[in-house]
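As structure tokens, the structure follows; a few thoughts come after it.
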Amino acid sequence: MNYRKQFCIPPGSRVRLDDFDPEQTNKHETKESALRKIGKAQQRMDDLQFQLYAEQKHSLLICLQAPDAGGKDGVIRHVMGSMNPQGCRVVSFKQPSPEELAHDFLWRIEQQLPRRGEVVVFNRSYYEDVLIVRVHNLAPKKTWSQRYEQINDFERRLVANGTHILKFFLHISKAEQLRRFKDRLDDPARRWKISEADYTERERWDSYTAAYEEALAKCSTHDAPWFVIPSDHKWFRDLAISQITVEAMEKLHIKVPQPTVNLAAIRQKYHETADEGKRARSRKRE
């Protein structure tokens, strides 16, 4: 199944999240088969990330957006967790600091972008500045409405300079969100994640939906398309994201670079000489 094609938002599309089923799982998939495929995808992802790190030509930026309890941490743990931390890091964007607020909204983002050879996962991203900022009226409409095109320009520049961008919206239902909140309340190990704000924000569900729909429609471009991932079933979410990520990395045609030294000379100088000395010492003992 080509999940990239299935869940990609075509540029210029009008987006209604009601048209996407958050409970979707492809009929031919089972949880057991999905977990096997996810394991294989993780191994491939690890190999590709090693090659990306060695080649030092490209970078990969993965943006995760979702409602509260949408599964961003789960994706990072169960999908991206296979990558070597030496070449992969996660950045979580919280409420801006006074210093960050003194600059334009992309200033703090610029500092966390991936270097060549690196994979960076944004747990929430610069899209918060057209989502929560809009819903909570933290800036005038004249300000946040201009940011869609600013984001498109920003992403276009990143792609032109070798950064591939994957943007995943983890689509869950309002009922599933409430079930996950209840699970957290019942699990002593996860109660720390619950806050009163989680429940009060649910009152703004429709406002967030409208904000997501406009961001998805205006900022899904050829250079950096959005993917709406059905996420009520965590195993299907992880399967779709892992396969889309592997396919995107493979399309970079990454190659481990050729050595820059004379391997034959090094082998002769350090290994063949050492082997000859070892054989001479062996003959002497005999």
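The values are calculated or read from the model by the stated rules, or taken from the named source; none is laboratory data. Keep in mind that this is a model prediction, so the values were computed, not measured. Heads up, the Cβs are rebuilt from the backbone with ideal geometry, glycines too, and the neighbour counts pull from every protein chain shown.
Starting from residues that are part of a loop (DSSP other than H, G, I, E, B) and within 18 Å of residue 147 (Cα to Cα), keep the ones in the stretch 98-116 and report whichever is nearest to the chain's Cα centre (by Cα). Before the answer, list the steps.
Looking only at the stretch 98-116, we keep the residues that are part of a loop (DSSP other than H, G, I, E, B), and these are 102-106, 111-116.
Narrowing further to those that are within 18 Å of residue 147 (Cα to Cα): 102-106.
Details: 102: 28, 103: 25, 104: 23, 105: 20, 106: 18 Å.
The selected residue is 106.
Identify all residues within the stretch 80-94 that are part of a loop (DSSP other than H, G, I, E, B) and at pLDDT 95 or above; write none if there are none. Full working, then the answer.
Restricting attention to the stretch 80-94, the residues satisfying the condition of being part of a loop (DSSP other than H, G, I, E, B) are 83-87, 93-94.
The answer is none; no residue qualifies.
Of the residues in the stretch 92-128, how many are closer than 16 Å to residue 159 by Cβ and either hydrophobic (A, V, I, L, M, F, W, C) or outside the structural domain of residue 248 (by TED's automatic domain parsing) (or both)?
So in the stretch 92-128, the residues closer than 16 Å to residue 159 by Cβ come out as 106, 109-110, 113-116, 118-120, 122, 125-126.
The next check asks that each one be either hydrophobic (A, V, I, L, M, F, W, C) or outside the structural domain of residue 248 (by TED's automatic domain parsing) (or both); those that pass are 106, 109, 113, 119-120, 122.
The total comes to 6.
Would you be able to say whether some residue in the stretch 40-54 is within 20 Å of residue 177 (Cβ to Cβ), assigned by TED's automatic domain parsing to the domain that holds residue 194 and surrounded by 14 or more Cβ atoms within 10 Å (Cβ to Cβ)?
Taking the stretch 40-54 and keeping what is within 20 Å of residue 177 (Cβ to Cβ), we get none.
No; the residues of the stretch 40-54 include none that is within 20 Å of residue 177 (Cβ to Cβ), assigned by TED's automatic domain parsing to the domain that holds residue 194 and surrounded by 14 or more Cβ atoms within 10 Å (Cβ to Cβ).
How do the pairs read when you match residues in the stretch 176-187 that are under 19 Å from residue 230 (Cβ atoms) and in the same structural domain as residue 23 (by TED's automatic domain parsing) with residues anywhere that are part of a helix (DSSP H, G or I) and charged (D, E, K, R), using Cβ under 8 Å and keeping only pairs 6 or more apart or on different chains?
Final answer for the pair search is 177/202; 178/202.
Can you name the residue in the stretch 192-221 that is at pLDDT below 95 and either outside the structural domain of residue 78 (by TED's automatic domain parsing) or assigned to a loop (DSSP other than H, G, I, E, B) (or both) and is also surrounded by the fewest Cβ atoms within 10 Å (Cβ to Cβ) among such residues?
Only one residue fits best here, namely 195.
Mind telling me which of the residues 64, 35, 60 ends up being in the same structural domain as residue 238 (by TED's automatic domain parsing), closer than 29 Å to residue 6 by Cβ and in a helix (DSSP H, G or I)? Talk me through it step by step, then tell me what you get.
On the way: 64 fails: in a helix (DSSP H, G or I); 60 fails: in a helix (DSSP H, G or I).
Checking each option against the conditions leaves just 35.
Quick check on my filter: what residues within the stretch 149-168 are within 15 Å of the chain's Cα centre (by Cα) and in a helix (DSSP H, G or I)? Please lay out each step first, then the result.
Going through the stretch 149-168, the residues within 15 Å of the chain's Cα centre (by Cα) turn out to be 155, 163-168.
Once the filter is applied, which keeps residues that are within 15 Å of the chain's Cα centre (by Cα) and in a helix (DSSP H, G or I), the stretch 149-168 yields only 155.
Out of all the residues in the stretch 70-79, is one or more assigned by TED's automatic domain parsing to the domain that holds residue 182, more than 25 Å from residue 254 (Cβ to Cβ) and out of contact with any helix residue (DSSP H, G or I) (no Cβ under 8 Å at 6 or more places or on another chain)?
The initial filter retains those residues of the stretch 70-79 that are assigned by TED's automatic domain parsing to the domain that holds residue 182, namely 70-79.
If we keep only those that are more than 25 Å from residue 254 (Cβ to Cβ) too, we end up with 70-74.
Imposing the further condition that a residue be out of contact with any helix residue (DSSP H, G or I) (no Cβ under 8 Å at 6 or more places or on another chain) reduces the set to 72-73.
Yes, the stretch 70-79 contains at least one residue that is assigned by TED's automatic domain parsing to the domain that holds residue 182, more than 25 Å from residue 254 (Cβ to Cβ) and out of contact with any helix residue (DSSP H, G or I) (no Cβ under 8 Å at 6 or more places or on another chain).
Residue under question is residue 76, and the condition is that it be in contact with a strand residue (DSSP E or B) (Cβ under 8 Å, 6 or more places away or on another chain) and surrounded by 13 or more Cβ atoms within 10 Å (Cβ to Cβ); does it hold?
On the way: in contact with a strand residue (DSSP E or B) (Cβ under 8 Å, 6 or more places away or on another chain): yes; surrounded by 13 or more Cβ atoms within 10 Å (Cβ to Cβ): yes.
Yes.
Looking at the stretch 123-148, which of its residues are farther than 18 Å from residue 206 by Cβ, part of a helix (DSSP H, G or I) and in contact (Cβ under 8 Å) with a residue 24 or more places away in the chain?
126, 127, 128, 129, 147, 148
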